[in-house]
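Derivation of every value follows stated rules applied to the coordinates shown; laboratory data play no part. Note that the coordinates shown come from a computational prediction; the quantities given were computed from them, not determined experimentally. With ideal geometry, Cβ positions are generated from the backbone for all residues, glycine too; neighbour counts draw on all protein chains shown.
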Amino acid sequence: MATMDIIQYAGGSPANFLDVAAAQPRSRSKHAFEILLSDANVKAIFINIFGGILRVDRLATGVVAAARNLKVTVPIVLRLEGTNVEQGRKFSPSPA
């Protein structure tokens, strides 16, 4: 929720907040993108992940696969931190 506050403080307008479960399958990432992209006002997607129980590499594979499958055209910023973060960054089209 702090991320939402920071976006608002910087003049942005966060449209959605999603807390994913530890057993999050890839299909949930795709469905989340479908929900977000159904709003024509979405100009970018910022995903802030701190994975303790949720392995970052599992989430990263789901996010990248969903974005490619849906041919997402808005910018996506994916911040990763937590369990298996280095493996997760390898799935990114442009690793940080």
Per residue of the stretch 7-18, in order, report the coupling 6.51 cos²θ - 1.76 cosθ + 1.60 (Karplus, θ = phi - 60°) as ³J(HN,Hα) in whole Hz, putting x for Gly and Pro.
4, 4, 4, 7, x, x, 9, x, 9, 7, 9, 9
First measure r as the distance between the Cβ atoms of Ile6 and Val72, then evaluate 1/(1 + (r/R0)^6) with R0 = 35 Å and state the FRET efficiency to the nearest 0.05.
0.95
Pull up the cross-link candidates among the lysines for Lys30, meaning alpha carbon to alpha carbon under 17 Å and not fewer than 8 places away within one chain.
Lys71
